[in-house]
Structure formats: C-alpha cells, structure tokens
Amino acid sequence: MDRRSFLTTSALSASMLGLTTGAACAAPPTPAPNRSGVLTGADVLAADGWRPITGRRIGVVTNPTGVLGSMQHVVDAMHTGGDVEIVAVFGPEHGFRGTSQAGGSEGDYADPRTGLPVYDAYGADADKLAGMFRKAGVEQVVFDIADVGARFYTYIWTMYVAMEAAAKVGASFLVLDRPNPIGGTQVAGPQLDPRFASGVGLLPIVLQHGMTVGELARMFAREHLPGTPEPEVVKVQRWHGRGPDTGLPWIPPSPNMPTPDTAAVYPGTGLFEGTTWSEGRGTTRPFEIIGAPGVDWRWADELNAARIPGVGFRETYFVPTFSKHTGVTCGGVQVYRYGEIDSILVAVTMIVTARKLYPFAWREDGMIDKLFGSDRLRTMVDAGADVGEIVGSWQDELADFRRRREAYLLYS
C-alpha cells in the first residue's frame, strides 16, 4: 500500500478509532473494560484489528507501559496477531522490557519472546535514530509509552527525537495516547530556558505540563518541527474530566516510579536529584522519601508548620541500598499527599527549609539547572530568597504556557 492509500484508509476509519489531528471522535466498542471504562489508544487500535497500521513496515517505540487492557504488551499482541509487520522495536531509557536503572538502557538485541530486533533509542539524536529507522526499513513509527507528566522525565524527549527522525526518513508518526497519570488539568512550575536544554528537557515547556503524549506530539510538531506532517493520534476514549483516576492498572513506567503517589510528587521532589541529598532511590518509596545523613525531626516539624495544601510530612530514617549514601543512615521525611497538590511548591519549600536547617549542597555537575530548566532556583535559593519569591518568579511564563497549550488539547 502506498503512502497516499494508507492515509486515505486511516481517514476512513478515523471516526471509529478516535484517530485525530484535531476534533474528537466517537468511541469504539470496548475490548477490555475497566471500572471506569477508559480505553487507551492501544486498546482502541486493537479493537479495530490494528487496521490503520497493516500493510506498513512498523517500528514501535515503547516500554513496559505499552500494554492492552488484557495486560498483553502491544508488541506481543501485534506480533502474534499476524496482521502487523513489525520490523523493529526501539527502547527508551530503562529499555523496551524495562530492566535498566536510571540513565541506563538495554542496548541492541533480539527480543527473546518475539525474535524482533530491538534498537537502543536512549540518548540517540535524530540523525542516529533516523539511521536505525533506515536500517530496519521503517515506514511508520508507532509510539506507545506512558509518561508521568514531568518535563524531566525522558520519554517525551525520546518521542520528540523519534518524530524528527521519522520526518528525516519520510516515515509517518502515530501516537497511541494514554492519560496523563497525574491528571491533565494542573499545570505548574517554570518554563525551560533554551540555554539549559538537555536530555531531561529539550524544548520550552513548563515543569508539570498537564498534557498527554499525544497532545505534546501535536505541540512539538507545530511549534518545533515546521513543515513536517502533524502526527496522528489514536485518542483515549472515555477519559472524562482529564482526571488522574482512570481505573487503569498502574504499570511502573520506570523502576523508581512504583506507585501513583510517586508520580504525583515527582515533578517536584525529582529536583532533589540535583542535590547531594537522597531522593529516596534505594528505598521502597523513591521520590516520596527524601533526606540525608544528619537530618533530624526539625525538618518534618518545619515543613508541617508551613501547612502546604494537600500534603503532610512524616519524620523518617532510612538506609539507601543503592545510589546516594548507600549503606549510610539518613534522616528525612516521607511526603504524604491527601489530594491534588502543587508538587513544585512542595519541593521548593522542602529545599528552602533544608538549606535553612542543615548543610545543603547542589550536585557539582550542574544537574539542578538542567532539571529545573534554568539556574533560577539555584541562584535564588543561594541568595536566601523565600518560597513566595521563588514560586512567584515564574507565574507570567506559566500563564503564557497555559494559553499556548490550549490549541493542542484533545480532551475536555
């Protein structure tokens, strides 16, 4: 099937699939209902027998979160169904099957279950990834990964690079959308300064963007890949109100994101990766447990006195089994959420009070500036600014981003 015929076929079946470059479409039959009735883009496409991607040589960018309601992985389902020609799989950070820790990947290999070639896409630029697409003979790239809604989570940047690479080789790009697990209404934090672009933030979006990967793909295409076709998106069905309570099973999107509570605090407490303090890696509650050697009860007392809406802090002591302070007793807090929170406000309050009470230091490699998207947090904290001054410093750019994102939202 040539490209024109494929696009015509896609358009004809769009009303069933929720496949869109704009307006909302009708919901398809339910293949695997959960208690809320929410269907991911992958479930919607599977219900249609994968028709829009048959007759093409498919490259799938995915990880363990790319599952159907049946808990079968989309790659396994496509492969065993026999109607989809997958020519390669491309793994992001942590890998296709999710075996690697932060900053790692699984390399290139043949997948034992399917025999399909798996390419390591983590850290690849557009030229390198385009070379992988050419080698595999990819005609259409399918992206299916659950994001967690934070700018410094690397999967959205793998998507952006894959979009750019697909354009270089003339391959079409399709996103199987999934809900934002921390909700698609709350938008918070500073916008990235392009001078601080890195693998944990390539483009100027805010720290908690409140968008799905499908919505972000539309934004990336229009604002940063001019002249390229807008990606098609198989929409989530029955996700009403853009809320976090979807009824979908929680699939840890990376080894240190074990629960929805972890994801909810991560856009803020993930900033502790840029400090010498432990962000809780090597504990059972990473990003919820934060601390360092020498920290005591005073931190929890001070944080609870701040009365931050939606959160409470429990004094805790822990010994990380890996990462920072391995084998050393640390004191700190466990963050508990009781509703919707501004996790970036939470983290800024934690950092300001930690610096007030204890020896506190940033990592020497400048990671905090990459995570935050500028040097503003570091310089303001070091200058003694209070929480209100720091949070107030990005409100204008946050309002601007809220206006920009409206054009790309797919769900009411």
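Structure summary
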| read-out | value |
| --- | --- |
| Any hit, segment 276-283, residues being basic (Lys, Arg) and more than 17 Å from residue 150 (Cβ to Cβ) | no |
| Residue match in segment 229-240 (condition: basic (Lys, Arg) and touching a Gly at 6+ places or on another chain (Cβ under 9 Å)) | yes |
| Residues (open to solvent by less than 10 Å² (accessible area, probe 1.4 Å) and part of a helix (DSSP H, G or I)) located in segment 243-265 | 262, 263, 265 |
| Residues (surrounded by 15 or more Cβ atoms within 10 Å (Cβ to Cβ), among the hydrophobic types (A, V, I, L, M, F, W, C) and more than 17 Å from residue 186 (Cα to Cα)) located in segment 302-334 | 303, 306, 313, 318, 330, 333 |
| Among (1) in contact with an Asp or Glu (Cβ under 9 Å, 6 or more places away or on another chain); (2) within 25 Å of residue 197 (Cα to Cα), the one test that residue 89 misses | (2) |
| Residues of segment 335-355 satisfying the condition of being open to solvent by 40 Å² or more (accessible area, probe 1.4 Å) and hydroxyl-bearing (Ser, Thr, Tyr) | 336, 338 |
| Residue list for segment 141-169, filter: in a loop (DSSP other than H, G, I, E, B), among the hydroxyl-bearing types (Ser, Thr, Tyr) and either open to solvent by less than 10 Å² (accessible area, probe 1.4 Å) or closer than 15 Å to residue 88 by Cβ (or both) | none |
| Subset tally (residues that are closer than 23 Å to residue 95 by Cα and not in a helix (DSSP H, G or I)) for segment 266-278 | 0 |
| Close pairs from segment 38-66: first acidic (Asp, Glu), partner modelled with pLDDT under 95 and assigned to a loop (DSSP other than H, G, I, E, B), Cβ under 8 Å, at least 6 apart | 43/31; 43/32; 43/69; 48/13; 48/28 |
| Those residues of segment 356-412 which are without any contact (Cβ under 8 Å) to a residue 60 or more places away in the chain, within 30 Å of residue 238 (Cα to Cα) and either of a type outside the set (Gly, Ala, Ser) or crowded, with 17+ Cβ neighbours inside 10 Å (or both), in sequence order | 403, 406 |
| Qualifying residues in segment 187-242 (those that are open to solvent by 10 Å² or more (accessible area, probe 1.4 Å), of a type in the set (A, V, I, L, M, F, W, C) and over 15 Å from the mean Cα position of the chain (by Cα)) - the one farthest from residue 407 (Cα to Cα) | 196 |
| Residue within segment 165-187 that is out of contact with any strand residue (DSSP E or B) (no Cβ under 7 Å at 6 or more places or on another chain) and acidic (Asp, Glu) present | no |
| Unmet criterion (only one of (1) farther than 21 Å from residue 285 by Cβ; (2) in a loop (DSSP other than H, G, I, E, B)) for residue 399 | (2) |
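Residues are listed down the side, and each one gets a yes or a no for (1) in contact with a helix residue (DSSP H, G or I) (Cβ under 8 Å, 6 or more places away or on another chain); (2) of a type in the set (S, T, N, Q); (3) under 22 Å from residue 256 (Cβ atoms):
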residue: 319; (1), (2), (3): no, no, yes
residue: 348; (1), (2), (3): yes, no, yes
residue: 368; (1), (2), (3): yes, no, yes
residue: 379; (1), (2), (3): no, yes, no
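The values are calculated or read from the model by the stated rules, or taken from the named source; none is laboratory data. Keep in mind that this is a model prediction, so the values were computed, not measured. Glycine gets a Cβ as well: all are built from the backbone with ideal geometry, and neighbour counts include every protein chain shown. Heads up: the accessible areas ignore ligands, DNA and RNA and are worked out on the full protein's heavy atoms, side chains in. Shrake-Rupley method; radii C 1.70, N 1.55, O 1.52, S 1.80 Å.
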